[in-house]
């Protein structure tokens with residue numbers, strides 16, 4: 001409970017800063033009137049609470065209750081993100097207009113100061129009129145400004161209103177398209193990966209890679225059924241679920257995960273933990289997944305035809321006394337056999353490469369999920385999506401089938417990938 005309150009406070013503080021910025025740019029700068037400003041401030045104050053509330057509470061709530069918080073909170077989070085990005089991109093233009101307006105007022109003021117000196121020459125002190133610039137709203141005030149007072153502000157207001165309209169249109173379009181993509185069926189991708197040590201018996205071995213299903217307040221049983229249907233139609237030799245199955249406890253999401261028991265393949269289905277399992281109760285979920293007929297690889301390895309399949313726990317497990325143990329998973333194996341490693345986070349490939357892993361299968365990144373967030377993910381991970389070679393080890397990163405937070409994917413469609421292993425000695 002304390003952790004949830006601290007998380008809510010942290011998220012709320014960050015959200016308040018962003019919404020204050022949006023109030024300044026979208027409401028105050030657009031000068032739509034005092035009444036509109038008051039109404040807009042109240043609306044933004046309410047909206048500022050929704051995303052933190054969704055992030056802090058929905059994991060601990062029953063699905064039928066959590067969705068009433070998750071939908072408005074996460075959809076607004078996506079809209080807010082793209083509105084903020086668009087407004088930030090317009091900042092240089094706003095600053096340029098403001099700077100030009102300031103320069104004109106300064107030069108106009110200098111000209112106005114010189115004018116009274118010329119007209120007052122030879123006039124007795126007692127006969128001079130008080131310069132009108134000292135009178136509020138008089139002609140002198142306009143001379144001091146150098147132009148009509150409304151000219152400068154009008155430019156800024158027009159720009160502010162154009163920016164607000166553009167930001168709203170951009171955000172609505174991107175989020176609408178992104179929701180359609182995220183809530184649609186994952187595409188089935190295929191990739192062939194040649195492995196130097198792969199035995200001929202395993203040539204053409206097909207592994208269906210499924211990652212980041214993220215069952216939670218928005219995605220439920222139907223989402224799982226759709227994934228099972230796609231995987232079974234592909235008829236793989238094995239299924240690898242590489243973490244982040246859930247965002248919530250077994251008591252709330254056990255039914256949503258139940259269709260996984262219907263996965264079919266020649267050599268079985270396998271699972272490794274992701275960071276969200278440790279946030280949702282890893283041990284109960286490991287027991288639940290095992291009861292569904294899926295083998296959980298907890299820092300262990302098994303032999304499949306002509307190659308080894310290994311799995312390690314996620315890095316987050318270290319904080320729970322259940323972190324990755326590469327030695328346990330990869331030591332004492334025949335060096336002539338290829339090894340495929342299941343590891344949730346792509347960054348784990350560096351340790352895998354030190355131990356001679358041929359191929360690592362990962363997820364975690366969602367392919368960036370909402371562009372341009374992939375740029376931030378690339379600062380933490382060596383790859384965001386697709387097939388790469390890192391330190392001599394091949395790494396395949398799935399974009400995942402679900403989403404975290406907003407039900408939105410922009411530039412990162414969900415996928416299930418059939419990885420076909422190829423022997424270079426065939």
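When you go through 350, 388 one by one, which is the residue that is at pLDDT 95 or above, surrounded by fewer than 22 Cβ atoms within 10 Å (Cβ to Cβ) and assigned to a strand (DSSP E or B)? Write out each step before concluding.
Numbers: 350 fails: assigned to a strand (DSSP E or B).
Among 350, 388, only 388 is at pLDDT 95 or above, surrounded by fewer than 22 Cβ atoms within 10 Å (Cβ to Cβ) and assigned to a strand (DSSP E or B).
Screening residue 215 with (1) buried (at least 24 other Cβ atoms within 10 Å of the Cβ); (2) farther than 17 Å from residue 64 by Cβ gives one miss only, at (2). Say we look at region 391-413 and pick out the residues that are within 18 Å of residue 340 (Cα to Cα) and in a strand (DSSP E or B); which of these is nearest to the chain's Cα centre (by Cα)? The qualifying residue nearest to the chain's Cα centre (by Cα) is 397. Here residue 373 passes the criteria (1) in contact with a helix residue (DSSP H, G or I) (Cβ under 6 Å, 6 or more places away or on another chain); (2) modelled with pLDDT under 95; (3) surrounded by 15 or more Cβ atoms within 10 Å (Cβ to Cβ) except the one numbered (1). In this structure, residue 191 does satisfy being loosely packed, with under 14 Cβ neighbours inside 10 Å, under 23 Å from residue 416 (Cα atoms) and in contact with a strand residue (DSSP E or B) (Cβ under 9 Å, 6 or more places away or on another chain).
A quick yes/no check of all residues on (1) in a strand (DSSP E or B); (2) within 30 Å of residue 88 (Cβ to Cβ); (3) in contact with a strand residue (DSSP E or B) (Cβ under 9 Å, 6 or more places away or on another chain):
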| residue | (1), (2), (3) |
| --- | --- |
| 170 | no, yes, no |
| 173 | no, yes, no |
| 198 | no, no, yes |
| 204 | no, no, yes |
| 207 | yes, no, yes |
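Condition first: in a helix (DSSP H, G or I) and surrounded by 20 or more Cβ atoms within 10 Å (Cβ to Cβ). Now tell me which residues in region 241-261 satisfy that. Passing the criteria: 252, 253, 256, 257, 260.
One line per residue, one yes/no per condition, for (1) assigned to a strand (DSSP E or B); (2) closer than 30 Å to residue 89 by Cα; (3) modelled with pLDDT of 95 or more:
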position	(1), (2), (3)
158	no, yes, no
188	yes, no, yes
212	no, no, yes
222	no, no, yes
226	no, no, yes
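Looking at this structure, is residue 264 surrounded by 24 or more Cβ atoms within 10 Å (Cβ to Cβ), in a loop (DSSP other than H, G, I, E, B) and over 19 Å from the mean Cα position of the chain (by Cα)? Working first, answer last.
Numbers: surrounded by 24 or more Cβ atoms within 10 Å (Cβ to Cβ): no; in a loop (DSSP other than H, G, I, E, B): yes; over 19 Å from the mean Cα position of the chain (by Cα): yes.
No, not satisfied.
Collect the residues in region 321-347 that are part of a loop (DSSP other than H, G, I, E, B) and within 29 Å of the chain's Cα centre (by Cα), keeping them in residue-number order. First the steps, then the outcome.
Just the residues of region 321-347 that are part of a loop (DSSP other than H, G, I, E, B), to begin with: 321-325, 331-337, 343-345.
Hits for region 321-347 are 321, 322, 323, 324, 325, 343, 344, 345.
Return the only residue of 258, 282, 235 being in the same structural domain as residue 206 (by TED's automatic domain parsing) and touching a residue at least 40 places away in the same chain (Cβ under 8 Å). Show your work before the answer.
Values: 258 fails: touching a residue at least 40 places away in the same chain (Cβ under 8 Å); 235 fails: touching a residue at least 40 places away in the same chain (Cβ under 8 Å).
One residue alone meets the criteria, 282.
Checking 56, 14 one by one, the residue that is exposed (fewer than 14 other Cβ atoms within 10 Å of the Cβ), part of a helix (DSSP H, G or I), assigned by TED's automatic domain parsing to the domain that holds residue 166 and modelled with pLDDT under 95 is 14 and no other. Annotation: residue 329 fulfils all but one of (1) at pLDDT 95 or above; (2) closer than 26 Å to residue 420 by Cα; (3) surrounded by fewer than 16 Cβ atoms within 10 Å (Cβ to Cβ); the unmet one is (3).
Quick one: would you say residue 357 is outside any strand (DSSP E or B), in contact with a helix residue (DSSP H, G or I) (Cβ under 8 Å, 6 or more places away or on another chain) and not assigned by TED's automatic domain parsing to the domain that holds residue 76?
Values: outside any strand (DSSP E or B): yes; in contact with a helix residue (DSSP H, G or I) (Cβ under 8 Å, 6 or more places away or on another chain): yes; not assigned by TED's automatic domain parsing to the domain that holds residue 76: yes.
It is true that residue 357 is outside any strand (DSSP E or B), in contact with a helix residue (DSSP H, G or I) (Cβ under 8 Å, 6 or more places away or on another chain) and not assigned by TED's automatic domain parsing to the domain that holds residue 76.
The values are calculated or read from the model by the stated rules, or taken from the named source; none is laboratory data. Just so it is clear, the model here is predicted, and its values are computed rather than measured. Cβ: placed from backbone, ideal geometry, glycine included. Neighbour counts: every protein chain shown.
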